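A short worksheet on the structure shown next.
The values are calculated or read from the model by the stated rules, or taken from the named source; none is laboratory data. Values in this document were obtained by computation on a predicted structure and should not be read as measured data. Ideal geometry is used to build each Cβ from the backbone, glycine not excepted, and the neighbour counts take in all protein chains shown. For the accessible areas, the whole protein counts, side chains as well, though only heavy atoms, and no ligand, DNA or RNA atoms are used. Shrake-Rupley method; radii C 1.70, N 1.55, O 1.52, S 1.80 Å.
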Amino acid sequence: MDVDTLLLLLFGLFVQFGPFLIIVAVLVGGVLLGCVVVAIVGAVRTGMSKPDETRDVDVTQFFEEQTAAAAAGDRRA
């Protein structure tokens with residue numbers, strides 16, 4: 001099999017399945033472009049938003065208060 005026959009075979013396959021390949025390429029490319037756009041918009045929104053206000057909470061103190069509140073609730077019942 002010489003090179004001309006191989007090239008002719010590849011060209012024939014491309015002509016035969018070209019429309020299908022173009023449709024698949026457009027669909028896959030659209031999905032990938034959408035993912036990139038969503039990622040960029042998310043990054044921009046995250047960078048422009050104000051940082052959330054955080055409170056330092058002492059975990060031990062929190063659970064002690066919850067235990068005391070639960071114990072006080074049990075006494076009322």
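Tabulated data
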quantity: Residue in region 51-58 that is open to solvent by less than 100 Å² (accessible area, probe 1.4 Å) and assigned to a helix (DSSP H, G or I) present; calculated: no
quantity: Residue check, Arg45 loosely packed, with under 10 Cβ neighbours inside 10 Å and assigned to a helix (DSSP H, G or I); calculated: yes
quantity: Within region 27-58, tally of residues that are at pLDDT 95 or above and over 21 Å from the mean Cα position of the chain (by Cα); calculated: 0
quantity: Conditions (1) assigned to a helix (DSSP H, G or I); (2) among the hydrophobic types (A, V, I, L, M, F, W, C); (3) open to solvent by 100 Å² or more (accessible area, probe 1.4 Å): number failed by Met1; calculated: (1)
